[in-house]
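Rule-based calculations on the coordinates, nothing more; no lab input. What you see is a predicted model; the values in this text were computed from it and never measured. A quick note on method: Cβ atoms are made from the backbone with ideal geometry, for glycine too, and the neighbour counts reach across all protein chains shown.
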Amino acid sequence: MAVTKLISVDDFRKLVNEVESERDRIVIVLLFGTGMRVEELVGTKLEDVDTVKGEIHIHASRTKTRQYRDVIIPQSMIPDLEGWIRSLPEGVVWLFPGRDPSKHISQRWIRMVIDKAACSAGVQRPYAMAGDGRSLNIVSPHTLRHLHAVAALDSGVPLNDLQAQLGHTDLKTTSVYLKADINHRRKSYEGFEI
């Protein structure tokens, strides 16, 4: 039986409950809530965040496709995000500054925080072994991007809107999220009757 690399929204909530710092919790919730890539989020500057419109502007130089895009911030996240922004010291450039406030937090740090929280929550599990003997685990920042896509489609977000949110240049790339694993499909069909 193949191991699925998708976690449930309930597993995500368990993971978030294990995150120790407010900054890291907001980062993780934004990764899921926006579907942003981890490198896009950690490189976000304060000037790129518009909480009034509920958008984060991602400049082309920070995207995988080298195309500018705006991502929608779920309304439920705006109060926490605004509170976080108000808590930042004067003169900070980055939305998520690192120990050195002139630099942003690292992708490596976020990967470690997610792994630790997923292990504490009991939702982390290996799906394969790397060539060097390391265990490759299910829950990662990219898992949260996948979960965003599946949850968005489940809630009725049109495929082309999801494509724009994720920054995919080809609709075929986005459409892979329509092919969820059998367990996810089974849950989707629970209310289906003939």
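Taken over the alpha carbons of region 37-151 as equal point scatterers, the Debye sum produces base-10 log I(q)/I(0) values at 0.13, 0.15, 0.21, 0.22 Å⁻¹ of -0.62, -0.81, -1.33, -1.38.
Under the combined filter of DSSP loop state and at most 14 neighbouring Cβ atoms within 10 Å, region 116-178 retains these trypsin sites (Lys or Arg not before Pro): Arg134.
Sorted ascending by nearby beta carbons within 10 Å, beginning with the fewest, Ile114, Ile28 become Ile28, Ile114.
Just flag the GluC sites (Glu not before Pro) in region 43-105 sitting in loop per DSSP whose Cβ has no more than 14 other Cβ atoms within 10 Å. Qualifying residues, ordered by number: Glu90. Summary of the geometry: region 6-63 and region 65-110, compared by the centres of their Cα atoms, lie 8 Å apart. Taking other C-beta atoms within 10 Å as the exposure proxy, Leu6, Leu30 rank Leu6, Leu30 from fewest upward.
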